[in-house]
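Worksheet: the structure to be examined is printed underneath.
The values are calculated or read from the model by the stated rules, or taken from the named source; none is laboratory data. Owing to the predicted nature of the structure, the values given are computational and were not obtained by experimental measurement. Using ideal geometry, Cβ is built from the backbone for each residue, glycine included, and neighbour counts are taken over all protein chains shown.
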Amino acid sequence: MTNSNRDAAISFLELAASGKVSEAYSRFVGAGFRHHNPFFEGSAEALMAGMEENARQNPSKVLEVKRAVAEGELVVVHSHVRQKPGDLGAAVVHIFRFEKGCIVELGSRAAGARQVAEPVWDVLG
């Protein structure tokens, strides 16, 4: 299950980043989903609406997965995200929890290029 969870987490992020947020949710998000994003209420619907709005505002967003680590029902994905071409972007870590092959919990942390002494994706990438 670990590799399939890893693949599902990456596919979810890639679909969402490319603007296919609804497809990402319908394919990978399970019942009782909750997230830990301080900008949105904790439901799947609230985060999905925020992700869809971000996709509309940033149709050229680029998500480059640097690495993904899976252990049991947990998957951690480290990526470099640029909202617009030419942006320095941010290093982002998404933490997924799966149940029965579906994402049931998601949290993330980001550090923008101006928030770190040197770009994390260069150091870790």
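Being over 14 Å from VAL65 (Cβ atoms) and modelled with pLDDT under 95 is the filter here, so list the residues in the range 102-119 that pass it.
Those that are over 14 Å from VAL65 (Cβ atoms) and modelled with pLDDT under 95: GLY107, ARG109, ALA110, ALA111, GLY112, ALA113, ARG114, GLN115, VAL116, ALA117, GLU118, PRO119.
Given the residues HIS35, HIS78, which is the only one that is modelled with pLDDT under 95 and in contact with a helix residue (DSSP H, G or I) (Cβ under 8 Å, 6 or more places away or on another chain)?
Among HIS35, HIS78, only HIS35 is modelled with pLDDT under 95 and in contact with a helix residue (DSSP H, G or I) (Cβ under 8 Å, 6 or more places away or on another chain).
Report yes if PHE33 is surrounded by 14 or more Cβ atoms within 10 Å (Cβ to Cβ) and either of a type in the set (Val, Ile, Thr) or farther than 20 Å from VAL81 by Cβ (or both), otherwise no.
Yes, satisfied.
Do you know which residues across the range 11-27 are surrounded by 19 or more Cβ atoms within 10 Å (Cβ to Cβ) and closer than 18 Å to VAL69 by Cα?
Selection gives PHE12, LEU13.
Would you mind finding the one in ALA90, ALA8 that is crowded, with 19+ Cβ neighbours inside 10 Å and in contact with a Phe, Trp or Tyr (Cβ under 7 Å, 6 or more places away or on another chain)? Reasoning before the result, please.
Working: ALA90 fails: in contact with a Phe, Trp or Tyr (Cβ under 7 Å, 6 or more places away or on another chain).
The unique qualifying residue is ALA8.
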